[in-house]
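Please treat every number below as a calculation from the coordinates, not as lab data. Values in this document were obtained by computation on a predicted structure and should not be read as measured data. Positions of Cβ are generated from backbone atoms using ideal geometry, with glycine treated the same way; all protein chains shown enter the neighbour counts.
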Protein chains: 2
Amino acid sequence: MEKNNFKILVVDDEPDIVEFIVYNLKREGYEVSSAHDGLEGIKVAEKVKPDLIVLDIMMPRLDGVEVCEHLRRNPTFKNTLIIFLTALGDEQSEIKGLNAGADDYIVKPIKPKILLTRVKALLRRLSPDEVSGKNQIGDFIIDTEQYLVHYKKDHYSLPRKEFELLNLLISKPGKVFHRDEILNKVWGTEVIVGDRTIDVHIRKLRQRFGDDHISTVKGIGYKFEA
Amino acid sequence: MEKNNFKILVVDDEPDIVEFIVYNLKREGYEVSSAHDGLEGIKVAEKVKPDLIVLDIMMPRLDGVEVCEHLRRNPTFKNTLIIFLTALGDEQSEIKGLNAGADDYIVKPIKPKILLTRVKALLRRLSPDEVSGKNQIGDFIIDTEQYLVHYKKDHYSLPRKEFELLNLLISKPGKVFHRDEILNKVWGTEVIVGDRTIDVHIRKLRQRFGDDHISTVKGIGYKFEA
DNA sequence: AATGATCCTTAACTTTTACTTAACACAGTC
DNA sequence: GACTGTGTTAAGTAAAAGTTAAGGATCATT
């Protein structure tokens, strides 16, 4: 069981279904809470501030669409992901749900695999900074797992700082990274290094891969040219 | 037809389906391009940099899942939304698709309403990011993230003060900015510079973009002409 | 623990670029 | 026609980044 820190709230009036979903989500390492109708759902949501809510549409007291609309009005939940559960073929609910601000819906009966992949797909969007795996742009492929940079059919094993600097710049091609930002993300907030340190590492990257890929924006910082 | 600036790419090997989807999206005001197989899809994507891609899974040359995986490796497309088209009940593709980094999928046969509400739901999530960092007026686009000024299909990398001055004036087209105000906002309160300094920077901007965009209000300051 | 290799940071120096100034020209106003 | 505010230009100055080599830190190897 991998560890991840996402909080998920499951709201449905049928206890069996809640249990079934909660069980599957917990097995994946999510932190799961639950509620059994719309009103309770809102209360729990306000308390635990989940990253994602699995929300049944047909419920007593307050249906899923209303819950969704209510939550979306609150800035706290503007970026909370919401997945609806709908009865098979209920196209109307589906449209209403998405219009109410939901991010996805799943048709009952629920298949665990489908549920989990969709949850994962949505949550991935929540942590965009994560640069795991491979990162390709132009002639470059950055392999963060192996700490390797593939460039034009060759591959290089860069020193750590050089690698992290390049990886940072490449993570958003074209974006100008302020020197402060670079220091924070590559060197961390605690360490204080001199002004020329960044330059020296930039220079090494330019020596390796040519001057055309990293450009200077004077007074601001550096950027990777797409 | 409302105006929105989102670019959508449709990739499917069946011309009828492409046409059908393109027609529906265009009616909503989206800027739509299309491709007829995976390889072409990637090429077009790299050219137009769409905000969202509607991607068929079953295609010759390169199937949708592969296209998706390829694109996701490139930081440029890290936040590009991807919707898969799958045949009815093909649960395996669905899971593979979402694992490959898709944001949603739609089961064929496609119903326009479903397609459009889902497209809208996904794009809504994108908007706040898109807006920040870009400022468009007339022929100008100020990109503060890349520190670039796009002007009539060309782009310029201005020195800092010039950039900030232009950005200030353009932030409220038509408004007259007092010289004092300009000094405060661009130069800061601490620094004291001579009278002619502003003029010189205004002049540089006029040299670059022509005299028609920035006009002098004698005794007061300058303004950007909309 | 000693060795050697690699990597990181620094400091001094050079180069480049951007910014400011000063001197003067011009235009409109009283 | 003196005054005020802005336009223009080129030259001087300041600031940021580039470059280099050297010293120290770190790490793997023996």
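Given R₀ = 41 Å, FRET efficiency for B:ASN5-A:LEU62 by Cβ-Cβ distance, to 0.05? Numbers along the way, then the final one.
Working: r = 36 Å, r/R0 = 0.89.
Calculated transfer efficiency: 0.65.
Please determine, in degrees from 0 to 90 and to the nearest 10, the orientation of helix A:15-27 with respect to the longest principal axis defined by the Cα atoms of chain A, where the helix direction is its Cα long axis.
Here the helix axis deviates by roughly 20 degrees.
Please give the contour-minus-distance gain from B:GLU190 to B:SER171: 0.36 nm per residue of separation, less the Cα-Cα distance, rounded to one decimal in nm. Before the final figure, lay out the partial values.
On the way: separation 19, 0.36 × 19 = 6.84 nm, distance 2.31 nm.
That pair, B:GLU190 and B:SER171, stretches by 4.5 nm at full extension.
What length, rounded to one decimal in nm, is gained on full extension from A:GLU14 through to A:THR216, with 0.36 nm per residue of separation minus their alpha-carbon distance?
Numbers: separation 202, 0.36 × 202 = 72.72 nm, distance 5.93 nm.
Roughly 66.8 nm would be gained on extension.
Determine the calculated [θ] at 222 nm for the protein assembly as shown from helices alone, applying -39500 (n - 2.57) to every DSSP H run no shorter than 4 residues and normalising by the residue count; nearest 500 deg cm²/dmol.
Details: 16 runs with 180 residues, N = 452.
After summing the helix terms and dividing by the residues of the protein assembly as shown, the value is -12000 deg cm²/dmol.
Step by step: find N for the stretch A:33-93, compute 2.2 N^0.38 Å, then divide the Cα radius of gyration by it. What's the final number?
Working: Rg = 11.1 Å, N = 61, 2.2 N^0.38 = 10.5 Å.
Normalised Rg, Cα atoms only: 1.06.
If you average the sequence gap of Cα pairs under 8 Å that are 6 or more apart and divide by the length of the stretch B:7-131, what percent do you get for the contact order? Mind dumping the intermediate values first?
On the way: 191 pairs, mean separation 27.0, N = 125.
Over the stretch B:7-131, the number comes to 22 percent.
Under a plain spin-label model, where a point goes 7 Å from the Cα along Cα-to-Cβ, how far apart in nm are B:GLN92 and A:ASP199?
5.9 nm
Quick one: which residues, 5 or more positions from B:ASP104 or on another chain, have an amide H under 5 Å from its amide H? H modelled 1.01 Å from N in the peptide plane, none for Pro or chain starts.
B:ILE82, B:PHE84
Normalised by the number of residues in chain B, what is the relative contact order in percent for Cα pairs under 8 Å and 6+ residues apart? Each step should come with its number before you reach the end.
Details: 325 pairs, mean separation 26.1, N = 226.
That works out to 12 percent.
Using the Karplus curve 6.51 cos²θ - 1.76 cosθ + 1.60 with θ = phi - 60°, what ³J(HN,Hα) values do you get for each residue of the stretch A:161-167, in whole Hz, with x for Gly and Pro?
For the stretch A:161-167, the Karplus curve yields 4, 4, 4, 5, 4, 4, 4 Hz.
From the convex hull of the Cα coordinates of the stretch B:134-224, what is the mean projected area in square nanometres?
Numbers: hull surface 22.6 nm².
Average projection, Cα convex hull of the stretch B:134-224: 5.7 nm².
Taking the beta-carbon count within 10 Å as an exposure proxy, list A:PHE77, A:PHE209, A:PHE224 from fewest neighbours to most. Could you put the intermediate results ahead of the total?
Working: A:PHE77 20, A:PHE209 17, A:PHE224 24.
Ranking A:PHE77, A:PHE209, A:PHE224 by Cβ neighbours within 10 Å, fewest first, gives A:PHE209, A:PHE77, A:PHE224.
Student exercise: in the stretch A:1-86, how many lysine pairs 8 or more apart or on different chains have Cα atoms under 21 Å apart?
12
Arrange B:GLU164, B:GLU14, B:GLU190, A:GLU91 by Cβ neighbour counts within 10 Å, fewest through most, would you? Before the final figure, lay out the partial values.
Details: B:GLU164 19, B:GLU14 14, B:GLU190 5, A:GLU91 11.
Ranking B:GLU164, B:GLU14, B:GLU190, A:GLU91 by Cβ neighbours within 10 Å, fewest first, gives B:GLU190, A:GLU91, B:GLU14, B:GLU164.
Once you put a point 7 Å from the Cα of B:VAL107 and another 7 Å from the Cα of B:ALA226, both along the Cβ direction, what distance in nm separates them?
Each label point lies 7 Å from its Cα, and together they span 4.9 nm.
Evaluate the Kirkwood expression for the hydrodynamic radius of the stretch A:7-126, namely the inverse of the mean inverse distance over all pairs of different C-alpha atoms, and round to one decimal in Å.
Values: mean 1/r = 0.0723 Å⁻¹.
About 13.8 Å for the stretch A:7-126.
Enumerate the whole-percent occupancy of each 5 Å bin, from 0 to the last occupied one, for all C-alpha pair distances of chain B.
Per 5 Å bin, starting at 0, the Cα pair percentages come out as 1, 6, 13, 15, 13, 10, 8, 8, 7, 7, 5, 4, 2, 1, 0.
Quick one: plug the Kirkwood hydrodynamic radius of the protein assembly as shown (C-alpha pairs) into Stokes-Einstein at 25 °C, 0.890 mPa s, and report D in µm²/s.
Approximately 99 µm²/s, per Stokes-Einstein.
Rounding to the nearest 10 and keeping the result within 0 to 90°, find how far the Cα-based axis of helix A:112-126 lies from the longest principal axis of chain A.
Its long axis makes an angle of about 50 degrees.
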